[in-house]
Each structure stands twice: as structure tokens, then as C-alpha cells.
Amino acid sequence: MSARLKKLWNTVRDRALELPEAWEDHPWGESAIKVKKKIFVMLGPEDASPLKLTFKLPASRDEVLRRDDAEPTGYGLGRSGWVTLALSAKTAPSADDLIDWLEESYQAVAPKKFGRLLDPDDDG
């Protein structure tokens, strides 16, 4: 894996683990970050090529799926808003985009009180 992809993988993982009540599991030999018992991001093995990241994106799903390196997640998860990105050094989005998608995914599965911690201006 390129140094850039490794840095992106670590950035996403580190940010995910900073979120309220987030913890890491390895159910399939990959890194799955959960809040409570629900997965909000799956990170393929950090030495894989391409690097795969999976998010639940109810708001930005269609936009992200326009990317050449994105597809609906298999096993029927794509119908529920899950998107898998297969990143290469040439196609990888910015760290800011990945963090935005990570936080959207977290808010989609976390209990509402946790999701509101990311957006303190939200009165919902």
C-alpha cells in the first residue's frame, strides 16, 4: 500500500475511534468500527490493494456512487445505503471527504444522542 493510502487508512481509523463509544472489532479479519453493537465503518486490511472502505451514507450515497471507485456494498447492504470504495493512490479522495463520510455513517447508526455530539448546533 502506498504511503498516502496508509495515511488515509490510519486517519479514518483514528477518527472513527475518537467518536463517542466507538470501538474496534475484527469479525472477518478486517477492521470494523462499531458504536454500541452496530458497525459504522469497515476498513479492509491495511495492506490490501486496493484499499477498501465501507460506509453507510444515507445522505451522500448517490453522490459518492458517481465515483469510479465506489459501488453499492454487497450482500444486499447497498440497498440500505452502504457504499464501498476501492481506493488506489490515484483515485483516493481527500482525507476531509473520507472524514465527512465517516461522520455521516456514524450519525446514521449511532444512537441519536451520540450523533448530536458531532453537530452541537442541531436541535433535533
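Some observations on this one:
- Residue-level accessible surface for residue 21, protein heavy atoms, 1.4 Å, Å²: 100
- Within segment 1-89: Cβ-based charge dipole about Cα centre, in debye rounded to nearest 20 (Lys, Arg +1; Asp, Glu -1): 200
- Options 72, 102, 91, ranked by Cα towards positive dipole end of segment 65-107, top entry (Cβ charges): 72
- Taking the chain as the region of interest, the number of lysine pairs whose Cα atoms are within less than 22 Å, with members eight or more places apart or on different chains, is 26.
- Backbone HN-Hα couplings from phi across segment 23-32 [Karplus 6.51/-1.76/1.60, Hz, Gly and Pro as x]: 8, 9, 10, 9, x, 10, x, 10, 8, 10
- Percent accessible area from carbon and sulfur atoms, the chain, protein chains only, probe 1.4 Å: 47
The values are calculated or read from the model by the stated rules, or taken from the named source; none is laboratory data. Keep in mind that this is a model prediction, so the values were computed, not measured. When we count neighbours, we look across all protein chains shown, and the Cβ atoms used for this are built from the backbone with ideal geometry, even at glycine. Quick note on the areas: whole protein, heavy atoms, side chains included, nothing else; ligands and nucleic acids left out. Shrake-Rupley method; radii C 1.70, N 1.55, O 1.52, S 1.80 Å.
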